[in-house]
Amino acid sequence: AQKVTQTQTSISVMEKTTVTMDCVYETQDSSYFLFWYKQTASGEIVFLIRQDSYKKENATVGHYSLNFQKPKSSIGLIITATQIEDSAVYFCAMSPIASSSFSKLVFGQGTSLSVVP
Amino acid sequence: EAAVTQSPRNKVAVTGGKVTLSCNQTNNHNNMYWYRQDTGHGLRLIHYSYGAGSTEKGDIPDGYKASRPSQENFSLILELATPSQTSVYFCASGGDAEQFFGPGTRLTVL
């Protein structure tokens, strides 16, 4: 069975700095997707970025990037030049890359990020 | 022009009553999902669907039924609501990778 663990319950950073959120996972699958989602104060859940396990290059989207360390089963989310509006709960998730076109996500518990002026 | 919408956004129900939560997506995704989110448990999968006419049990299906009458619509049905089903419910749609979530429905069962 798959498992995703986020050990950081909450983080507080100063605006315009860089923050890294940790995530480790367990899986028996040889190929899998890793995701990060953001849940805002209003409750909205937004997809941010994805890493394919067979790709060595770290994914980057805007001011979000990933630190994928496959031997350590680790996928960190890096946010550069943080803004107040980055304050939210961030969820790490994974799913196997199956032969079918179906994706069943397993989520971590989330990390609450607070960006202060 | 939200791609995944849910109704109602808030619902108060009585114990033993029937509750139907509705979800509509315009992403043209084959797959749709229902999750509940509770403090301390994160997001947990209740039911999912591969396409119109199909429903499958997720990780916590007890007390819930689902219906997928069309590509666009996916409903979650609580035949006999209980206070333990008080939660926030999210619908999502997706292809073979990332999922896209609706705004959530806050359900309170008294």
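The values are calculated or read from the model by the stated rules, or taken from the named source; none is laboratory data. Remember, predicted model here, so these are calculated numbers, not experimental data. Virtual Cβ from ideal backbone geometry, glycine too; neighbours counted across all protein chains shown.
Observations, loosely collected:
- Pairs, first over 12 Å from B:PHE74 (Cα atoms) and at the interface with chain A (Cβ under 9 Å from one of its Cβ atoms) in the stretch B:33-51, second outside any strand (DSSP E or B) and β-branched (Val, Ile, Thr), C-beta under 8 Å, six or more apart: B:ARG44/B:ILE60; B:LEU45/B:ILE60
- Extreme residue, nearest to B:ASN10 (Cα to Cα), among residues of the stretch A:9-29 that are more than 12 Å from the chain's Cα centre (by Cα) and assigned to a loop (DSSP other than H, G, I, E, B): A:THR9
- Single unsatisfied condition, B:GLN37 versus (1) buried (at least 21 other Cβ atoms within 10 Å of the Cβ); (2) under 29 Å from A:LEU48 (Cα atoms); (3) not aromatic (Phe, Trp, Tyr): (1)
- Any hit, the stretch B:64-76, residues being modelled with pLDDT under 95, surrounded by 13 or more Cβ atoms within 10 Å (Cβ to Cβ) and of a type in the set (A, V, I, L, M, F, W, C): no
- Only a single criterion out of (1) over 10 Å from the mean Cα position of the chain (by Cα); (2) buried (at least 20 other Cβ atoms within 10 Å of the Cβ) is not satisfied by B:THR15, namely (2).
- Index of the failed condition, B:LEU21 passing every other in (1) surrounded by fewer than 19 Cβ atoms within 10 Å (Cβ to Cβ); (2) more than 14 Å from chain A (Cβ to nearest Cβ): (1)
- Qualifying residue in the stretch A:101-117 (condition: under 10 Å from the mean Cα position of the chain (by Cα) and part of a loop (DSSP other than H, G, I, E, B)): yes
- Every condition in (1) within 12 Å of chain A (Cβ to nearest Cβ); (2) in contact (Cβ under 8 Å) with a residue 12 or more places away in the chain holds for B:LYS57 except the one numbered (2).
- Each residue in the stretch A:78-100 was checked for being modelled with pLDDT under 95, of a type in the set (Gly, Ala, Ser) and not in a strand (DSSP E or B), and 3 of them qualify.
- Those strands (runs of 3 or more DSSP E) of the stretch B:1-99 in which at least 1 residues are of a type in the set (Lys, Arg), considering only elements entirely within it, cover B:10-13, B:31-38, B:42-49, B:65-67.
- When the stretch B:63-110 is filtered for residues that are within 14 Å of chain A (Cβ to nearest Cβ), within 12 Å of the chain's Cα centre (by Cα) and farther than 14 Å from B:ARG44 by Cα, the ones remaining, listed by number, are B:ARG68, B:SER93, B:GLY102, B:PRO103, B:THR105, B:ARG106, B:LEU107.
- Residues of the stretch A:30-77 satisfying the condition of being more than 12 Å from every other protein chain (Cβ to nearest Cβ), over 9 Å from the mean Cα position of the chain (by Cα), surrounded by 13 or more Cβ atoms within 10 Å (Cβ to Cβ) and assigned to a strand (DSSP E or B): A:TYR64, A:SER65, A:ASN67, A:PHE68, A:SER74
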